[in-house]
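The values are calculated or read from the model by the stated rules, or taken from the named source; none is laboratory data. Keep in mind that what you see is a predicted model, and the values were worked out from it rather than measured. Quick reminder, even Gly has a Cβ in these numbers, built from the backbone with ideal geometry, and neighbours come from all protein chains shown.
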Amino acid sequence: MLYMLLLYGSEAGEEKPSAKERRKLFQAYEDFTQWIKERGKYRDGNALEPSSAATVVRVRDGKTLTSAGAFAQTAEQLGGYYLIDADNLDQAIEIAARVPRATSGRVEVRPIQV
């Protein structure tokens, strides 16, 4: 079954990591990605640009309305995702717990509708 792992964290509340911390974090993501690829569970995944780079689209009364930046009422923004193939929800949760973002933000596990 396919699951989307949605990675959330605070863009504003986090301190900018040092170059050394950034390399360590990137390595952690590379290690995690390699780990799920080796197990045949990886389908896709990417980091997202900050929410300030987003464009929101709404259609009201037949008119397309756009606004710059994502509108979020929460302190956390969507920062990336993994699409995985897990045997069941328990396995998807086990995989999500290994995502580096799980230690400083949250990872939402959502089944893909088929």
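Side notes on the structure shown:
- Cβ-Cβ distances below 9 Å connect the following pairs, each with a first residue in segment 42-59 that is among the aromatic types (Phe, Trp, Tyr), a second residue that is not in a helix (DSSP H, G or I), and a separation of six or more residues or different chains: TYR42/TYR82; TYR42/LEU83; TYR42/ILE84; TYR42/ASP85.
- Residue ID - farthest from ARG101 (Cα to Cα), chosen from residues in segment 19-49 that are assigned to a helix (DSSP H, G or I) and among the aliphatic types (A, V, I, L, M): ALA19
- Yes/no for LEU89 being of a type outside the set (Ser, Thr, Tyr), touching a Pro at 6+ places or on another chain (Cβ under 9 Å) and modelled with pLDDT of 95 or more: yes
- Residue check, ILE84 closer than 15 Å to MET1 by Cβ, surrounded by 14 or more Cβ atoms within 10 Å (Cβ to Cβ) and without any contact (Cβ under 8 Å) to a residue 24 or more places away in the chain: no
- Meets criteria (of a type outside the set (Phe, Trp, Tyr), closer than 21 Å to LYS37 by Cβ and touching a Gly at 6+ places or on another chain (Cβ under 8 Å)) for GLY105: no
- Conditions (1) exposed (fewer than 13 other Cβ atoms within 10 Å of the Cβ); (2) in contact (Cβ under 8 Å) with a residue 40 or more places away in the chain; number of the one not met by LEU78: (1)
- Filtering segment 87-110 to residues that are closer than 15 Å to TYR8 by Cα, hydrophobic (A, V, I, L, M, F, W, C), assigned to a helix (DSSP H, G or I) and without any contact (Cβ under 8 Å) to a residue 40 or more places away in the chain leaves only ALA102.
- Any chance SER52 is out of contact with any His (no Cβ under 9 Å at 6 or more places or on another chain), farther than 16 Å from ARG101 by Cβ, assigned to a strand (DSSP E or B) and of a type in the set (Gly, Ala, Ser): no
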